[in-house]
Each structure stands twice: as C-alpha cells, then as structure tokens.
Amino acid sequence: MKTVIVHDWLAASGGAELVLEQLLQCYPDANIFTLVDVMPPAERGFLQGRKITTSFIQRLPGVQRHFRHFLPLMPRAIEALDVSQYDLVISSSWAFAKGVKVRPDQTHVSYVHTPIRYAWDQQELYLQQAVSLEPLRKLARFFLAGLRRWDIKTAGRGGQLVANSHFIAERIAQCWQRESRVLNPPVALDDFTCTEIKEDFYVTVSRLVHYKAVEVLIQAFNAMPGKRLVVIGDGPLFKKLEAMAGPNVTLLGYQSREVVVGYLQRARAFVFAAHEDFGIVAVEAQACGTPVIAYGVGGVLDSVIPYTGSDPVDAGYSPTGLFFDQQTADSVMAAVERFETLPDAISSQACAANAARFSPGHFRHEFMAIVEQAMDNSAA
C-alpha cells in the first residue's frame, strides 16, 4: 500500500510537527508532500532524511524568509500536488493540506488541527496584526472571503475528518457542516516526571501574543501581591507585559526545555487564560503532577478534569484542575483563591494519570484504527 502524508508547510517544530512525527512512525514508508519546506537543519531530525516533495511555491524568490506572503497562491498550490499514485492519503491540516485533490478510489484521512483561523473567527485580529493600511485590509477581506468559500468547497476532499479536540469538531461542524471523529494530539511525555513536592509560585508557559491573554494573568497577580507568578515565553508583547508586571511577577522570556520542565514540576499550579484549540502545555503540566487553573473553554475541556465542588471520593472522579469562566483578572483571582482552599482535592498522581491518556503510543494506536476503518469503508 503506497502512502503519502500531506503537511501544510515545514517551517519550525511545533505541535503539528509532533503529529507528523507520530504519523511517520505509524507509516514509516510514507512519502511527504508539503507546500513549502524551510525547516532549519537543527529541527529536521524527526524527518530522518526523507525526501520532501514541495509545491511550486518553493521555487519562488524570497520563499525562505517570507513564504507566508504567498498565502493567496496556497489553495492553487495544494491542488497542484499530484498524489494520484498513492492508495492512502493522510493530511495533517491547519490551513490547506486537507484540500489536496484525491480520486474517489483513494482513501483520504485528514487530521484537522483547525479550520483556517484567519479566514474564520480570527480574521479581524489577523488583519490588525498583518495589514497596516485600510485599503489593503479591504483587499485582504475580499481574498479571505474567497478563501472561506474554498475552505468549505474542499472540506469534502478530507474524506474521514479527525478533529484534534471536541472544540475543533464543533468548529468543523460550524464552518464546513461536516462530522468528524475526535482524537487528541500526542504529547511527548517522556521528558516529564510527576513531582509531588511543590513550591509557592504559579507558572504559565506561552507565546506572548494577544490571544494568549497573558496580560489577564499578570493583571490578576498584580492584584494579589502575596502570590508569585512566573511567565515563560517570548513574543511581540514581551516588553509591554514586562512593563506592566508587578514585583511578584517574573518574566523569564524564552527558556530551554529543561528549564521549562523544572518550573512545571515545581509550580503550585499552571495558570492558563487562552482560548486554545487544544493546549499541549496544560497536559505537560499535569504530567509533572501540577494542577491546571484554566479558562474553561476550548481544548482544555478535553485535557483537564475540573473540580466541580463535589467531593471527589464520594462522586468517583479525580480532578486535575479548576476552570474560570471569563478572561478577566477578577475571574482568575477567584479561581486561584478557590484553588488554595482545596489542598487535598487535586492530587499530583491524578494529574499524571490523566496526562498519560495523551501519550504518543495511544495516539498512534487510535489513529491507525481510524485509518483501517476508513479503508474498510472505502473498499465496501
């Protein structure tokens, strides 16, 4: 059986690339097709020297540094990739990959990280950050309207759609009017060891961009001067957030994996105010035995078992965190204060056991079962 994996683009190692790595372990003989390959040599190890087939965009001038400027060409480019010689087509898609053209007799399974964010619910945020002049924004809105139409039209090419969370399954239904299976992404858990001894500080790990809502966390801890917050991560808002942080809030910027793991292990809790599709760091924190205090929407609903107010023993559940219901400092403060009244309700062992559900081995087993069922359905 000839297999191809279609990936949006290879530019930097992230959550989508961890999925690709696991897909390659499932299907080690698979070829890789992608729009653009500008992955730095230091991050290419998981590709194991495989040949990468790219689209015509790869040959355009300036692509190495500015490939995202060719966004208007990407629908055409993904459709031009010729995967007709393959029996099984697997796409890992957060933008265009699911739109690759397939024949009716080919099996296509598409793992969907999200429908294209900047064409749907994050359009205005994208335009504010990426386009400075209003006439250009009008032109961009026209293009994005066409991109939404293309996104809907090509959703049927995705074959069996697999959403990375129940939140994304709902977005797929809303945007594309398609049903999907849910399989949470793999989380590399080998680096994390459950630690029950905690220190008196809270931690968040995040890219410092607006939608991550780190400023809400800083505002909350500014108003709680007796509690410490450590912020790990870099991004365009670093200077602004550093300027607004009180003396009990420390911004460390980018840190190595080892440093991040150490803080996640020692923290009293991991705090998280973003509305994420999934949120891998929340799982990593639990793998360290660290509870999660999170904005209770999106992917964390899949990854965190919230304390409900019922006694865990009597109710028969093992909570791993708390949710707050608004992206406001007051809501964060109330959740932190509530958390501190529950020292025995959330155990480190329960957090680690919950995180184990997201192991790469579990992902591979479940994904291959989905593919096998899709192939049986195609043959029927």
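Nothing in this text is a laboratory measurement; each read-out follows from the coordinates by a stated rule. As the structure is a prediction and not an experimental result, all values here were calculated from the model. Here Cβ is always computed from backbone atoms with ideal geometry, including for glycine, and neighbour counts include all displayed protein chains.
A few remarks follow.
- Taking the centroid of alpha carbons for each part, the range 135-168 and the range 244-296 are 31 Å apart.
- Interchain or long-range residues, amide H under 5 Å from A163's placed H: V112, R181, V182, L183
- Distance in nm between pseudo-label sites at Q64 and A334 (7 Å out along the Cβ direction from Cα): 5.4
- Integer Hz, Karplus 6.51/-1.76/1.60 couplings in order for the range 7-12, x for Gly and Pro: 10, 4, 7, 10, 10, 7
- Dipole magnitude of the chain about its Cα centre (Cβ charges: Lys, Arg +1; Asp, Glu -1), debye to nearest 20: 1560
- The GNM of the chain, with springs linking C-alpha atoms under 10 angstrom apart, assigns the highest mean-square fluctuation among A12, A352, A188 to A12.
- In order through the range 317-323: 3J(HN,Hα) via Karplus (6.51 cos²θ - 1.76 cosθ + 1.60), integer Hz, x for Gly, Pro: 9, 10, x, 10, x, 10, 10
- Among V38, V182, V231, the residue with the largest mean-square fluctuation in a Gaussian network model of the chain, with springs joining Cα atoms closer than 10 Å, is V38.
- Base-10 log of normalised Debye intensity for the range 286-366 (one unit scatterer per alpha-carbon) at q = 0.10, 0.22, 0.24 Å⁻¹: -0.25, -1.05, -1.18
- Net charge dipole size for the range 8-79 [Lys, Arg +1 and Asp, Glu -1 on Cβ; Debye, nearest 20]: 300
- The range 239-355: relative contact order as a whole-number percent, Cα under 8 Å and 6+ apart: 25
- Selection from V162, C194, F143, by position along the positive dipole direction of the range 134-195 (Cβ): F143
- The residue list F67, I78, H108 was ranked by how far each Cα lies along the charge dipole of the range 37-108 toward its positive end, using unit charges on Cβ atoms, and F67 comes out on top.
- Shown in residue order for the range 269-280 are the 3J(HN,Hα) couplings computed by the Karplus curve 6.51 cos²θ - 1.76 cosθ + 1.60 at θ = phi - 60°: 7, 9, 10, 8, 10, 7, 9, 9, 5, 9, x, 5 Hz (x for Gly and Pro).
- Gaussian network model of the chain, springs between alpha carbon atoms under 10 Å - residue of A163, A97, A145 with greatest fluctuation: A145
- Once the mean of 1/r is taken over each pair of separate Cα atoms and inverted, the range 56-114 shows a Kirkwood hydrodynamic radius of 12.6 Å.
- Only aspartates and glutamates eight or more places from K2 in sequence, or on another chain, were considered; those with a Cα closer than 15 Å are D29, D82, D87, D105, E372.
- Electrostatic dipole magnitude of the range 202-358 [Cβ: Lys, Arg +1; Asp, Glu -1; Cα centre; debye, to 20]: 480
- Neighbour net charge for Y263 - beta-carbon separation under 14 angstrom, K R +1, D E -1: 0
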